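Chemist: Sending over a structure as structure tokens; questions will come in a sec.
The values are calculated or read from the model by the stated rules, or taken from the named source; none is laboratory data. Keep in mind the model is a prediction, meaning the values are calculated, not measured. Please note: Cβ atoms are built from the backbone with ideal geometry, for glycine as well, and neighbour counts cover all protein chains shown.
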Amino acid sequence: MKIGVRVHDFGKSNPKTLASQAKKVGFDGVQLVLNKALENETGLPGTLSKEKAEKIAAEFHQQGLDICMLGAYFNPVHSNKELVQTNIAKFKEHLKYAPNFQAGYVGTETGSYNDDKWTYHPQNRTEEAYREVKNIFEDLAQYAQKVHARIALEGAYGHCMYEPKVLKRLIDEIDSPSVYVTVDLYNYLSAENYRNYKEIFEECLQLFAGKIVIFHLKDFIIEDGKLKQVAIGKGWFDYDYLMDRIMATNPEAYLVFEGSKPEDMEESFRFIKSKCR
């Protein structure tokens, strides 16, 4: 299996330095969020071109690294509708140039009515929220198909697609060959449901069969009654179980470290490699 990293978790730098850091750990690829990873990049519409995409990508490819996902995460239900339109244009630009990056997918989550906090809001769990998100991603899916790119959508407990079955409904109703799924098990958990993480994971594997292209790898403990992310292999996830199930059902999917600290990456990488059997 291929293992990647959200490359801005090394910090903001230039493509050559980030590629070198990822390669040194042993990663096969990166999840690249331009404005968070690269110095002097805003990621705003109008800032990308074919030549620029290919130049950035070359630094990673020279190190033998894939760009498994371009992160263009945005909040489709933000109260600032001008910002939403700007971010839709940004997402479309990422889709347009994804082939020049040789990027497998352009990824995002599904937003929250808490605007920039991206946390639980009761309105997230309404039919109104679902339809607002659906309208935007139907348009983006059509555009992705037009430019021969692919979208990876990700659900989360505090967001509008707050559980796997709601994201499944969205994907089924959009019904596009250009829409796929990122499974981030940690993101579906809360202080109330974390004990059921294996059942939630099995639900993801069943509902999204044939659509899962990326698994975000994290780990957690409960501290002061809340989930706290910790280094992979240092928390409560049973990675023997998780990796066995991934290997059995989605061996072609990318495994991507997300939110790891640079000082933890080498040990966590060795830990995950030991489970790939």
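Chemist: Just one of 105, 73 is modelled with pLDDT of 95 or more, of a type in the set (Ser, Thr, Tyr) and in contact with a helix residue (DSSP H, G or I) (Cβ under 8 Å, 6 or more places away or on another chain); which is it?
Modeler: Details: 73 fails: in contact with a helix residue (DSSP H, G or I) (Cβ under 8 Å, 6 or more places away or on another chain).
Every option except 105 fails the conditions.
Chemist: Further question on the same structure: Counting only residues that are touching a residue at least 12 places away in the same chain (Cβ under 8 Å) and outside any loop (DSSP other than H, G, I, E, B), how many does the range 159-217 have?
Modeler: Selection size over the range 159-217: 35.
Chemist: How many residues, within the range 198-226, are touching a helix residue (DSSP H, G or I) at 6+ places or on another chain (Cβ under 8 Å) and either among the aliphatic types (A, V, I, L, M) or over 17 Å from residue 249 (Cα atoms) (or both)?
Modeler: Initially, the range 198-226 is screened for residues touching a helix residue (DSSP H, G or I) at 6+ places or on another chain (Cβ under 8 Å), giving 198, 200-205, 207-209, 211-212, 215-220, 222.
When the remaining residues are screened for being either among the aliphatic types (A, V, I, L, M) or over 17 Å from residue 249 (Cα atoms) (or both), the result is 200, 205, 207, 209, 212, 217-220, 222.
Residues that pass the stated criteria total 10.
Chemist: Could you grab the pairs with beta carbons closer than 7 Å, sequence gap of 6+ or different chains, first residue in the range 84-97 and under 15 Å from residue 149 (Cα atoms), second one in a helix (DSSP H, G or I) and of a type in the set (Gly, Ala, Ser)?
Modeler: Here the result reads 95/144; 97/53, each pair linking the range 84-97 to a residue that is in a helix (DSSP H, G or I) and of a type in the set (Gly, Ala, Ser).
Chemist: Take residue 44 and tell me if it is out of contact with any Leu (no Cβ under 7 Å at 6 or more places or on another chain), without any contact (Cβ under 8 Å) to a residue 24 or more places away in the chain and surrounded by 14 or more Cβ atoms within 10 Å (Cβ to Cβ). Talk me through it step by step, then tell me what you get.
Modeler: Numbers: out of contact with any Leu (no Cβ under 7 Å at 6 or more places or on another chain): yes; without any contact (Cβ under 8 Å) to a residue 24 or more places away in the chain: no; surrounded by 14 or more Cβ atoms within 10 Å (Cβ to Cβ): yes.
Against the criterion (out of contact with any Leu (no Cβ under 7 Å at 6 or more places or on another chain), without any contact (Cβ under 8 Å) to a residue 24 or more places away in the chain and surrounded by 14 or more Cβ atoms within 10 Å (Cβ to Cβ)), residue 44 does not qualify.
Yes/no per residue for (1) buried (at least 20 other Cβ atoms within 10 Å of the Cβ); (2) within 30 Å of residue 1 (Cα to Cα):
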{"site": "19", "(1), (2)": "yes, yes"}
{"site": "29", "(1), (2)": "yes, yes"}
{"site": "40", "(1), (2)": "no, no"}
{"site": "49", "(1), (2)": "no, no"}
{"site": "62", "(1), (2)": "no, yes"}
{"site": "71", "(1), (2)": "yes, yes"}
{"site": "86", "(1), (2)": "no, no"}
{"site": "100", "(1), (2)": "no, yes"}
